[in-house]
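Read through the structure below, which is laid out as C-alpha cells, and then see the notes.
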Amino acid sequence: MPQTISRRHALRSFAGAAALAALARPGRAAEVKPSAPVPAMPAAPNPIRHSVCKWCYKEIPLVDFAQAAKDIGLESIELLDPKDWPTVQKYGLTCALANGTTTIPSGFNRVENHAKYVPSMIERINACADAGIPSVITFSGNCSDKTLGKISDEQGLENCAIGLKQIVGAAEKRGVTVIMELLNSKVNHKDYMCDHTAWGVELVKRVGSERFKLLYDIYHMQIMEGDVIRTINESHAYIGHYHTAGNPGRAEFELTDQQELYYPPIMRAIAATGFKGFVAQEFIPKRDALTSLRAAVKLCTV
C-alpha cells in the first residue's frame with residue numbers, strides 16, 4: 001500500500017509541468033511578468049454535435065422530449081438506461097452517453113467493487129455495441145467509505161486503473177468508449193475522487209486505451225479549477241465528452257450578464273481541437289424548459 005498522501009501533494013505529483021501550472025497558485029513574479037499577445041482563436045474545423053441529459057427534464061415524457069429534441073436539432077438524448085434507447089432511436093436520435101453500472105459514490109477506486117462492476121460494465125459495453133450506442137459513463141467513487149475508511153488519491157488512481165484495465169479490452173473489441181466524469185467535490189458531490197483534470201488525465205494515461213476517456217464537465221471544473229479554455233487546449237487528447245451548465249446555479253447560461261461562463265468561445269475552443277464527439281446540455285432549467293434548451297443549443301452552435 002503506497003504511503004498516504006494529501007490531496008494537494010497527490011494532485012501535484014500526478015501531472016506534468018503543464019498540469020501543475022494549471023493547479024498551482026502563481027507567484028508574484030509570474031503576476032508581473034509580461035505575457036506574449038494571445039493569438040486569435042482559429043476557425044472551428046467542425047461543428048459541435050449536440051446532446052442533452054434527460055434527467056434535467058424529468059417532467060417531460062421521453063417520447064415528447066425526443067420529438068422536441070429532434071425539432072431543436074439535437075442528435076442525442078443521453079444518460080439513458082438500455083430500455084430507453086429504442087425510444088430515442090425511433091426519432092432518429094442516438095444516446096451519445098449511456099448510463100453505466102457504477103454510481104457517483106461507488107466506483108472503481110475500491111478494489112472491493114471490482115467483482116461487481118467489472119462484469120456489469122462489460123455487459124453494458126456489449127449492450128451498447130449491440131444497439132449502436134457509442135459510449136458509456138462510469139465514475140471513480142468517493143474517497144471515503146463508512147466501512148472501509150478513506151483512501152489516498154494515489155491508491156484510488158491505482159485501483160481505478162486495475163479495474164478499468166479489465167473492461168477496456170471489451171470496449172476496444174466492441175468499439176465503445178468508457179467515459180469517466182470529472183465532478184466537483186466542493187458544492188455538489190462532496191468527497192468524489194475524480195474532481196480535478198490532472199487526476200483524470202493521469203488515470204487515462206495509466207489505463208492506456210483509446211477507449212477510455214474523460215467527461216470534462218465545464219460547470220463542475222469551473223467550480224474546482226476555472227481556467228476552462230486553457231485546460232481544454234492542454235488536455236483535449238484525454239477528453240471524450242463534454243457537459244455544460246451555467247455557473248453559479250447550474251441553470252440556464254444564455255443570460256450572459258448573470259453568468260461567469262461564456263460558452264461561445266468555449267465551444268470554439270473545443271471545436272478548434274478537432275473534437276468530433278458530443279457536447280451535452282446538463283443545466284437544470286428554471287424557466288420554460290424547451291425554450292431554454294433551444295437557446296442553449298443556439299448559443300453553443302459554432
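The values are calculated or read from the model by the stated rules, or taken from the named source; none is laboratory data. Here the structure is a predicted model, which is why all the values come from computation and not from measurement. Note: ideal-geometry Cβ built from the backbone for every residue, glycine included; neighbour counts use all protein chains shown.
Could you grab the pairs with beta carbons closer than 9 Å, sequence gap of 6+ or different chains, first residue in the range 169-190 and more than 19 Å from residue 140 (Cβ to Cβ) and modelled with pLDDT of 95 or more, second one hydroxyl-bearing (Ser, Thr, Tyr) and surrounded by fewer than 21 Cβ atoms within 10 Å (Cβ to Cβ)?
Filtered contacts from the range 169-190: 169/209; 172/209.
Inside the range 242-267, can you point out the residues that are in a helix (DSSP H, G or I) and under 28 Å from residue 98 (Cβ atoms)?
Quick first cut of the range 242-267, residues in a helix (DSSP H, G or I) only: 256-258, 263-267.
Listed by number, the residues that qualify are 263, 266, 267.
Here is a yes/no grid of residues against (1) farther than 30 Å from residue 296 by Cα; (2) out of contact with any Cys (no Cβ under 6 Å at 6 or more places or on another chain); (3) among the basic types (Lys, Arg); (4) in contact (Cβ under 8 Å) with a residue 24 or more places away in the chain:
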position: 81; (1), (2), (3), (4): no, yes, no, no
position: 93; (1), (2), (3), (4): no, yes, no, yes
position: 111; (1), (2), (3), (4): yes, yes, no, yes
position: 119; (1), (2), (3), (4): yes, yes, no, no
position: 122; (1), (2), (3), (4): yes, yes, no, yes
position: 125; (1), (2), (3), (4): yes, yes, no, yes
position: 132; (1), (2), (3), (4): no, yes, no, yes
position: 161; (1), (2), (3), (4): yes, yes, no, yes
position: 164; (1), (2), (3), (4): yes, yes, no, yes
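Filter the range 271-302 for residues that are outside any loop (DSSP other than H, G, I, E, B) and charged (D, E, K, R); which is surrounded by the most Cβ atoms within 10 Å (Cβ to Cβ)?
Among residues in the range 271-302 that are outside any loop (DSSP other than H, G, I, E, B) and charged (D, E, K, R), the one surrounded by the most Cβ atoms within 10 Å (Cβ to Cβ) is 294.
Only one residue in 260, 252 is modelled with pLDDT under 95, surrounded by 21 or more Cβ atoms within 10 Å (Cβ to Cβ) and among the acidic types (Asp, Glu), so which one is that? Quick ask: steps written out before the conclusion?
Numbers: 260 fails: surrounded by 21 or more Cβ atoms within 10 Å (Cβ to Cβ).
Every option except 252 fails the conditions.
When the range 203-218 is examined, which residues are found to be crowded, with 24+ Cβ neighbours inside 10 Å and either over 10 Å from the mean Cα position of the chain (by Cα) or part of a helix (DSSP H, G or I) (or both)?
Passing the criteria: 203, 212, 218.
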